[in-house]
Amino acid sequence: MSTFAPFSKPLYVMLKPVGALCNLRCEYCYYLEKSGLYTQNKNHVMSDELQKRFTKEYIESQTMSQIMFTWHGGETLMRPLSFYKRAIELQKQYARGRQIDNSIQTNGTLLTDEWCKFFKENNFLVGISIDGPQDFHDEYRRDSMGRPSFQKVLRGIELLKKHDVEFNCMAVVNDYNADYPLEFYEFFKKIGCQYLQFTPIVERITDDTTMKLASAKDSTAKLAPFSVLPEQWGNFLCTIFDEWIKQDVGKIFVQLFDSILANWVGEQPGICTMAKTCGHAGVMEFNGDVYSCDHFVFPEYNLGNIYTKPLASMMYSETQLKFGNDKFDKLPQQCRECYFLFACNGECPKNRFITDKYGNQGLNYLCKGYYQFFQHVAPYMDFMKNELLAQRAPANVMDWVKNNR
C-alpha cells in the first residue's frame, strides 16, 4: 500500500474566480461545460465574501512559509482588475510574514497595458494559452462567432514582454499540431518563450452531438476526435527532445523534460501527472465547491463546500487521500512490471482507461507514446543524471551529444 503524508507537501487549491465563463469557445476545452453543474446560479463569479474567506483559510491551512495562489478559468481576466487588487490586499492582510506568490492562467486576448503593469508590480507569473503558429492555434481556439484568436494572443504576449512580466506558454498538443513538432517548437523560440509547457489533449465523450465530456469513471465513453494519438505523442516528444538536447538545455525550459529528469534523479517532479501520488492540488469553483482536481470536476469528485467544511479537512480527508493514493495503488500489472514506471508513474489517472496486455483495466491511453519516448531519451537522461549527482550542469549534455555523433 502506498503512503501519502498530508503535511509533507504544500496544499494547493486552484481558484476559479469566474468558473467556466470564457470569451473563447475552444473546441477541445474541458471546462466550458462545467457551467452546466451550476444552472441554478445566475452569476458565475466569485463573491467578495468568498474571496475573503478563501484567502484567510487558505493561508492559515498552510504549513509552508511560501504560499502560491493560482488563478484559473474559464478566462480569469473576465473579472475586473479591481478583483485582483483586492486579492493582493487580502493576501497582505492575512500573510503574517509568509511569502505570497501568484500565478494566473489566461488566453491572453484581454491583456492591456494596465493589466501588465499590475502583474509586473505584484510579481505575478502569467501563463499564456497558445497552441503554436497561427494555423495550429486557430484550428481549435476560436471565439463563439468562430473568429480566430491568434493575433490577439500574440498582441498580449508582446504587452507582457513590453512590461517585463514573467510568463510561460502552455500549449495543448492535439490531433492536428502533433504532426508538426519542429514548426511548433521553433515558433515558441521565435516569440521568446523560455518556459514552455505542453500537454496532450485526451478527452472522451458520451455524446457525439453535444460533445459532452465523460467522467473518468465512465468505461463506455469514446475518444473525442481532437485527442492526440499515442503514436503522434511519442513522435512529437522525441522530435522536440532531439532539437532541445542539441542546443537548448538550460536556455529553454520544457516542463515535461524537467519533470522526467527529476524522476530520473529520484526527486519530486514539477508536475503532478508524473508524480507517484496526487491529490494535493484541488480546485475551488466560484461558489466555494471544492473538487479533487481540475480535471475531475464531476459530482462524484466533489469534496464539499468551503462554507460548510474547512478547506484543510476537505483536502486532507480520507476521500482525497484515497484519490491521491489510487494513482499508484491502482496501477495495472503491465505498469508495475515496466522498467520506466519510475519515469511516468502511470501519468494522469484521467487518461488511464484502456486495458493492459494482461487484460487489466487502467493502462494509460498514451502509454505506447511515452514508452517510445523514454526508450529514446534514456541515454541522455542517464548522462544528465550523472552530471547532477556530480554537481555539474546538466547542460553539459549538449557537448556530449556533439562529441558522440
Of the residues in the stretch 24-50 that are in a helix (DSSP H, G or I) and among the hydroxyl-bearing types (Ser, Thr, Tyr), the one that is most open to solvent (accessible area, probe 1.4 Å) is 35
Among all residue pairs at least 6 apart or on different chains, which show Cβ distances below 7 Å where the first residue, located in the stretch 254-269, is under 20 Å from residue 238 (Cβ atoms) and outside any helix (DSSP H, G or I) and the second is among the aliphatic types (A, V, I, L, M) and modelled with pLDDT of 95 or more?
254/196; 269/262; 269/275
Looking at residue 158, is it under 17 Å from residue 111 (Cβ atoms), more than 21 Å from the chain's Cα centre (by Cα), at pLDDT 95 or above and not basic (Lys, Arg)?
yes
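For every residue, the table says whether it meets (1) modelled with pLDDT under 95; (2) touching a helix residue (DSSP H, G or I) at 6+ places or on another chain (Cβ under 9 Å); (3) not β-branched (Val, Ile, Thr).
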{"site": "356", "(1), (2), (3)": "no, yes, yes"}
{"site": "359", "(1), (2), (3)": "no, no, yes"}
{"site": "369", "(1), (2), (3)": "no, yes, yes"}
{"site": "374", "(1), (2), (3)": "no, yes, yes"}
{"site": "377", "(1), (2), (3)": "no, yes, no"}
{"site": "386", "(1), (2), (3)": "no, no, yes"}
{"site": "393", "(1), (2), (3)": "no, yes, yes"}
{"site": "396", "(1), (2), (3)": "no, yes, yes"}
{"site": "400", "(1), (2), (3)": "no, yes, yes"}
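Counting only residues that are among the polar types (S, T, N, Q) and closer than 20 Å to residue 286 by Cβ, which one in the stretch 51-102 is most open to solvent (accessible area, probe 1.4 Å)?
Filtering the stretch 51-102 for residues that are among the polar types (S, T, N, Q) and closer than 20 Å to residue 286 by Cβ, the one most open to solvent (accessible area, probe 1.4 Å) comes out as 82.
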Subset of the stretch 173-190, residues more than 17 Å from residue 234 (Cβ to Cβ) and open to solvent by less than 20 Å² (accessible area, probe 1.4 Å), comes to 188
Name every residue in the stretch 62-106 that is over 23 Å from the mean Cα position of the chain (by Cα) and touching a residue at least 60 places away in the same chain (Cβ under 8 Å), in order of residue number.
83
I'd like the full set of residues that are over 22 Å from residue 80 (Cβ atoms) and touching a residue at least 60 places away in the same chain (Cβ under 8 Å), limited to the stretch 35-48.
37
Among residues of the stretch 219-246 being surrounded by 14 or more Cβ atoms within 10 Å (Cβ to Cβ) and assigned to a loop (DSSP other than H, G, I, E, B), the residue modelled with the lowest pLDDT is 221
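Being more than 18 Å from the chain's Cα centre (by Cα) and either of a type in the set (D, E, K, R) or assigned to a loop (DSSP other than H, G, I, E, B) (or both) is the requirement here; does residue 250 meet it?
Considered against the rule, which asks whether it is more than 18 Å from the chain's Cα centre (by Cα) and either of a type in the set (D, E, K, R) or assigned to a loop (DSSP other than H, G, I, E, B) (or both), residue 250 comes out as yes.
Limited to the stretch 103-121, what total is found for residues that are surrounded by fewer than 16 Cβ atoms within 10 Å (Cβ to Cβ) and of a type in the set (Lys, Arg)?
1
The values are calculated or read from the model by the stated rules, or taken from the named source; none is laboratory data. The structure displayed is predicted, hence computed values, not measured ones. Because the Cβ atoms are built from the backbone with ideal geometry, glycine has one as well, and the counts that use them run over all protein chains shown. What goes into the accessible areas is simple: the full protein's heavy atoms, side chains included, and nothing from ligands, DNA or RNA. Shrake-Rupley method; radii C 1.70, N 1.55, O 1.52, S 1.80 Å.
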